[in-house]
Amino acid sequence: MTKPPRKPSKPLLGDADALLHSRPHRRRDPNQPNLPLDPMPDRIEPCLALLKARPPKGDDWVYEIKWDGYRLSVHIDPTGIRILTRDGHDLVPAGGQRDIRLSEEIETDGDQLLASACEHGLEGIIAKRRDSPYRSGRLGDWVKIKRVLSDSFVIVGCKRSTVARAGIGRLLLAARKGMKLVYVGGVGTGFNERNAYELRQKLDRLITSTPAAVVDRKGAIFVKPKLIAEIEYRGWADDGKLRHASHKGLREEQDNAGVSEIE
């Protein structure tokens, strides 16, 4: 014979008119009494965009313009609003307010939007998977596609390295401004073992004590402005230097390559 339970069992759903609440996992935050469960965390790490060469295709993706600025997260709670950067800095001054402009979604083809962004001199576009939740980290739910610029610059010097291929750590570049050369930054990527060795030989034959442009780099080795490099880059920084530059190779003399000119 089956023994009766020691305590009477409770109805599975309880009173049909009563609200059901799950048990809180932790003690509730007294500053957030309206939350039925756990309090909101003090900080959520941002969702980051993964760099891709081309926009993803399909109806699963929506697009927006990529603006140059801060990646922010907005935290709204009973005590106020916090606007946090990736490093956790609050951009809202004490007792103050800050205007925020949202980047709107654009229903269009990704390739067409990227082409339009490039025509207007914008940095690129962002693609977001339409049905993905907001997740911290660089997981591929958000993708960034940047415009790539390419131009020719004069090599006016270099910096040596004890670990880089052929001892070249960085090429120092210049553009033309009127009748003179102006330093526009350096490039330390894009070399392979073969072209780095050949480039080092050419630079060694051009070393001079007279710089062709004013360079704010300690330990710079100056060379005569005879070599022209093809450089891919993402744009110009506020200080007039190239952003995210990559060396693509030397221009041959027969190319009659024109050097980039700046105003």
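The values are calculated or read from the model by the stated rules, or taken from the named source; none is laboratory data. The model shown is predicted, which means the values in this text are computed figures rather than measured ones. Note that we place each Cβ from the backbone using ideal geometry, even for glycine, and neighbour counts take in every protein chain shown. Heavy atoms of the whole protein, side chains included, go into the accessibility calculation; ligands, DNA and RNA do not. Shrake-Rupley method; radii C 1.70, N 1.55, O 1.52, S 1.80 Å.
Return yes or no: is residue 172 in contact (Cβ under 8 Å) with a residue 24 or more places away in the chain, over 30 Å from residue 44 (Cα atoms), surrounded by 13 or more Cβ atoms within 10 Å (Cβ to Cβ) and under 20 Å from the mean Cα position of the chain (by Cα)?
No: the conditions fail for residue 172.
State which residue pairs qualify: first residue within 19 Å of residue 104 (Cβ to Cβ) and modelled with pLDDT of 80 or more and inside the range 59-81, second residue among the β-branched types (Val, Ile, Thr) and open to solvent by 90 Å² or more (accessible area, probe 1.4 Å) in any location, beta carbons under 8 Å apart, and separation of 6 or more residues or different chains.
Listed by first residue and then by second, the contacts come to 74/81.
In the set 55, 41, which member is closer than 29 Å to residue 237 by Cβ, at pLDDT 75 or above, open to solvent by less than 100 Å² (accessible area, probe 1.4 Å) and part of a loop (DSSP other than H, G, I, E, B)?
The conditions single out 55.
Taking the range 92-120 as the search range and keeping residues that are modelled with pLDDT under 85 and either open to solvent by less than 40 Å² (accessible area, probe 1.4 Å) or polar (S, T, N, Q) (or both), which one is farthest from the chain's Cα centre (by Cα)?
If we take residues in the range 92-120 being modelled with pLDDT under 85 and either open to solvent by less than 40 Å² (accessible area, probe 1.4 Å) or polar (S, T, N, Q) (or both), then 96 is farthest from the chain's Cα centre (by Cα).
Applying the selection to the range 203-245, what residues are touching a Phe, Trp or Tyr at 6+ places or on another chain (Cβ under 7 Å), part of a strand (DSSP E or B) and among the small types (Gly, Ala, Ser)?
Result: 229, single match.
Working carefully through the options 250, 242, 227, find the one that is of a type in the set (A, V, I, L, M, F, W, C), under 14 Å from residue 172 (Cα atoms), at pLDDT below 90 and surrounded by 13 or more Cβ atoms within 10 Å (Cβ to Cβ).
250
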